[in-house]
1. I'd like the full set of residues that are over 16 Å from the mean Cα position of the chain (by Cα) and part of a strand (DSSP E or B), limited to the stretch 99-134.
2. What residue, among those in the stretch 67-85 that are of a type outside the set (A, V, I, L, M) and under 17 Å from the mean Cα position of the chain (by Cα), is surrounded by the fewest Cβ atoms within 10 Å (Cβ to Cβ)?
3. Is it the case that Ser169 is assigned to a strand (DSSP E or B), small (Gly, Ala, Ser) and under 24 Å from Leu63 (Cβ atoms)?
4. Looking only at the stretch 51-66, count every residue that is surrounded by fewer than 16 Cβ atoms within 10 Å (Cβ to Cβ) and farther than 13 Å from Ser93 by Cα and tell me the total.
5. So which residues in the stretch 175-188 are touching a Gly at 6+ places or on another chain (Cβ under 8 Å) and surrounded by fewer than 21 Cβ atoms within 10 Å (Cβ to Cβ), if there are any at all?
6. Provide a single number: the residues in the stretch 154-174 that are over 25 Å from Val83 (Cα atoms) and either touching a helix residue (DSSP H, G or I) at 6+ places or on another chain (Cβ under 6 Å) or surrounded by 16 or more Cβ atoms within 10 Å (Cβ to Cβ) (or both).
7. Does Ala187 qualify as being within 26 Å of Ser28 (Cβ to Cβ), touching a Ser or Thr at 6+ places or on another chain (Cβ under 8 Å) and in a loop (DSSP other than H, G, I, E, B)?
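Please treat every number below as a calculation from the coordinates, not as lab data. Remember, it's a predicted structure, so these values are computed and weren't measured experimentally. Note: ideal-geometry Cβ built from the backbone for every residue, glycine included; neighbour counts use all protein chains shown.
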Amino acid sequence: MQPRHLLSLIPALAVRLAIASSSVTQLSSGVTAIDIIGDGSPAIAVFSHRENFNAHSFDLLTLYWIYRPSDGTTPIWQLIPLVTKDGRPEEDSVLRGGGADCVLQDFRIIKRQNGPAQLILAKRDFGKTFVDPGLVTFHFFELQDNKQGIPGRPKYYYEESQVLRTKRSYCDVGDAFQKELNVGAYAQ
């Protein structure tokens with residue numbers, strides 16, 4: 001193996017090692033209590049289905065945490081959006097979808113032993129059809145705490161920190177999660 005090819009493996013290897021000491025947050029349809037912030041603060045994942053009555057129905061994940069004002073007033077559920085590096089508008093939810101045979105976009109919430117949960121979004125290139133294998137791009141998001149109160153940003157938000165692209169093609173991004181990152185499914 002050429003040295004330059006070895007260097008291209010380092011980011012993916014580092015990601016696999018970091019995830020190895022973590023676990024995938026298990027989700028089911030509806031509301032799941034989770035520790036996104038990493039300090040035991042109440043947070044929820046709302047996982048819902050959008051039926052299309054065809055092979056292209058999809059699921060949505062939306063994340064929230066509860067803000068408890070110091071003055072003792074009523075707690076307020078706050079949305080945790082995603083912010084990408086490429087300047088696209090922030091996303092309020094994450095999509096899981098594709099066709100009957102292959103999932104083209106999916107996510108995993110990675111619970112770490114110490115600190116906030118990481119969010120990984122996988123998107124497969126679309127071929128001529130839904131079943132044509134394509135390269136998968138993993139987008140890694142880290143939870144940010146807007147302690148400074150920067151206008152336009154909420155208290156907590158996920159910011160894209162890294163992007164990795166597979167060398168192999170996949171039909172289903174779930175297979176790419178398993179084979180590339182050694183990350184299993186979030187539902188039993």
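1. Answer for the stretch 99-134, where residues must be over 16 Å from the mean Cα position of the chain (by Cα) and part of a strand (DSSP E or B): just Gly134.
2. Selected residue: Lys85.
3. no
4. Looking only at that region, the number is 8.
5. Of everything in the stretch 175-188, those that are touching a Gly at 6+ places or on another chain (Cβ under 8 Å) and surrounded by fewer than 21 Cβ atoms within 10 Å (Cβ to Cβ) turn out to be Gln178, Ala185.
6. The total comes to 2.
7. yes
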